[in-house]
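Notes follow once the structure below has been shown.
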Amino acid sequence: MMPTIKDVARLANTSKSTVSRFLNGKPVKKDTELALRKAIEELNYHPNMNARRLVLNRTQVVGIVVEDISNNFFTPILKGIRDEFDRKGYECVFYTWNLNRRREVDFMKLLYEEQVDGLIFVSFTRRSREDVRLMCDAPFPVVLIGDHAGVNEIYSIDVDNANGVHEVVNYLYRIGHRKIAHIAGPEHAGAGLEREHGFREAMLNHGISADLALIVQSDWTHQGGYNAMKALLEVGGFTAVVASNDESAIGAIGAAHEHGYSIPRDFSIVGFDDIGISQWIYPPLTTVRQPFQETGRRAAEVLYRAMVDEEATAAPRILLKPELVIRNSCLHVQTDG
């Protein structure tokens, strides 16, 4: 015989209403939560999802719409989302739009057709204001991860990309660098534009006008970083490079080595993202670590509040602070200023 909510309540020494409250994602006392989790595991209890959906008039399902589900950068974000909703008793269904040439906004029909209770859109691509406005004006809970196209009324979570680059430039300035180049990201990526803006702003904060000849665009690939560094070497006159991501930074290091330069003896190079290989290349890459899993968790937290409480409020735009990780790809230089 399958265990029931009454069995869970008896084993955890609490009431059925408390068990129901916990299963519906409502807060309970910490010791009660521990007892309930232990009882559920011991009994191998599984709630009747169909019954819960009928009682709550909800699907107990959230949709996660991902730009490209094969992109490894999304994995920790999706884990953060899934773990948070697992704790709240919701199922996650994942969709991808870039691979089948659809638009993000097309998936809003899942809400209108009552297939899901809420949606989280995950993308590194710049969003159109028109699409975001359609999402914002719909009478359903929606949260964006990434660019919000300047629509401040919609819930959105992102990493403070500009702040991350500020930290990089400030660090390079402290160790003596004044002639700093930038390998920018692609124009279609909102984060790339924010990082370039952060680079220019940070340079100005130190009284240095960014030299346009020392800002070269890349496509965020190793090859793109390699090509950008070759272009910078032809210009010359710099001592450090701030790359918009780790892959382009690694490509830049390869180009420098190929042309007979040593990193960091001849040039200091910094990346952004802290991908796994960044600590294993030579030299280990100084970079900016993004809180990917926390980004997903916070998005899930905001969406859940919006789904269960129509009066719930949260800061529409949440920017999480990245962390500068100092390794061995930068070197102190002498300066007169």
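Computed quantities for the displayed model
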{"item": "Exceeding the 32 Å Cα-Cα cut-off - candidates K38/K79; K79/K179; K6/K30; K88/K109; K6/K109; K88/K321", "result": "K79/K179; K6/K109"}
{"item": "Residue range of the chain that is longest and free of GluC sites (Glu not before Pro) which are both DSSP loop and sparsely packed (at most 13 other C-beta within 10 Å)", "result": "188-309"}
{"item": "Carbon plus sulfur fraction of accessible area for segment 186-239, probe 1.4 Å, in percent", "result": "53"}
{"item": "In segment 54-157, the trypsin sites (Lys or Arg not before Pro) that fall in loop regions by DSSP, at most 14 other Cβ within 10 Å", "result": "R101, R102, R103"}
{"item": "Eligible aspartates and glutamates near K26 by straight Cα distance, threshold 12 Å, same-chain separation 8 or greater", "result": "D309"}
{"item": "Gaussian network model of the chain, springs between alpha carbon atoms under 10 Å - residue of R174, R297, R317 with greatest fluctuation", "result": "R174"}
{"item": "Sparse-neighbourhood loop sites, chymotrypsin sites (Phe, Trp or Tyr not before Pro) in segment 205-295 - DSSP loop, at most 13 other Cβ within 10 angstrom", "result": "W280"}
{"item": "Principal semi-axes in Å for segment 185-241 [√(5λ), Cα gyration tensor, largest first]", "result": "19, 17, 7"}
{"item": "Estimated vicinal HN-Hα couplings, Hz - segment 182-189 in sequence order (Karplus 6.51, -1.76, 1.60; Gly, Pro = x)", "result": "9, 9, 7, x, x, 5, 6, 9"}
{"item": "Nearest 10 degrees, 0 to 90: helix 190-205 Cα axis against the chain principal axis", "result": "50"}
{"item": "Helix-derived mean residue ellipticity, 222 nm - over the chain, DSSP H n ≥ 4, -39500 (n - 2.57), to 500", "result": "-12500 deg cm²/dmol"}
{"item": "Largest to smallest accessible area among H148, H206 [probe 1.4 Å]", "result": "H206, H148"}
{"item": "Karplus-derived 3J(HN,Hα), 6.51/-1.76/1.60, for each residue of segment 140-148, Hz, glycine and proline x", "result": "9, x, 9, 10, 9, 10, x, 4, 10"}
{"item": "Accessible area (Å², 1.4 Å probe, nearest 10) - S17", "result": "80"}
{"item": "Hz values of 3J(HN,Hα) by residue in segment 216-221 - Karplus curve (6.51, -1.76, 1.60), Gly and Pro given as x", "result": "10, 7, 9, 9, 6, 10"}
{"item": "Whole-angstrom gap from segment 259-337 to segment 65-130, using each part's C-alpha centre", "result": "22"}
{"item": "Gyration tensor (Cα) of the chain, equivalent ellipsoid semi-axes in angstrom", "result": "46, 22, 17"}
{"item": "For A181, residues with placed amide H under 5 Å, excluding near neighbours", "result": "T239, A240, V241, V242"}
{"item": "Dipole axis of the chain (+1 Lys, Arg; -1 Asp, Glu on Cβ), positive-most option in L233, L144, N44", "result": "N44"}
{"item": "Ratio of the Cα radius of gyration of segment 68-124 to 2.2 N^0.38 Å, where N counts its residues", "result": "1.17"}
{"item": "Principal axis box of segment 178-314, alpha-carbon based, largest edge first, Å", "result": "61, 35, 25"}
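The values are calculated or read from the model by the stated rules, or taken from the named source; none is laboratory data. Here the structure is a predicted model, which is why all the values come from computation and not from measurement. As a convention, Cβ positions derive from the backbone with ideal geometry for all residues, glycine included, and neighbour counts pool all protein chains shown. All accessible areas refer to the heavy atoms of the entire protein, side chains included, with ligands and DNA or RNA removed. Shrake-Rupley method; radii C 1.70, N 1.55, O 1.52, S 1.80 Å.
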